[in-house]
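Trainee: For reference, the structure I am asking about is given below.
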Amino acid sequence: MSRIAERLASRVKSKSLVETFAGPTSYATGGSVYNSTILKQIERATIMQVTGGYSGEVVTGSVSGNAFKIKLYTGTATGAIELANAINLITSSISALIEGF
């Protein structure tokens, strides 16, 4: 976090909220980037739910500004496989718990 962001964080109380995003129209292997429309600076993000039988996780080190990257998987927890490039998931939704200000 930059010095300016650290100063702001010390003056502004952080919020925790759930934001829901539409799935990507063309998934990119390695993760797709999502931007919060509510928070200007995200400190942490955790995936709560992905509809359509998929699962997801926030890519480590990908939180920057109001954006973060999400990797999506298909299959069970023990046999999850990352989705291939160009998969259309527009009918799915992704709910994330985000913290920041």
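Trainee: With Kirkwood radius over Cα pairs in Å defined as stated, name the option among (i) 15.2; (ii) 23.6; (iii) 14.1 computed from the structure displayed.
Mentor: Correct label, based on the coordinates given: (iii).
Trainee: Using helices alone, I'd like the mean residue ellipticity at 222 nm for the chain: each DSSP H run of four-plus residues gives -39500 (n - 2.57), total over residue count, nearest 500.
Mentor: Working: 1 runs with 9 residues, N = 101.
Roughly -2500 deg cm²/dmol at 222 nm, from the helical runs in the chain.
Trainee: Shifting gears a bit: I want to check the label-to-label distance for Asn66 and Ala22. Put each point 7 Å from Cα in the C-beta direction and report it in nm to one decimal.
Mentor: It works out to 1.8 nm between the two label points.
Readers should treat all values here as calculations from the given coordinates under stated rules, not as data from a laboratory. Every value quoted in this text rests on a predicted model; they were computed, and no experiment measured them. Virtual Cβ from ideal backbone geometry, glycine too; neighbours counted across all protein chains shown.
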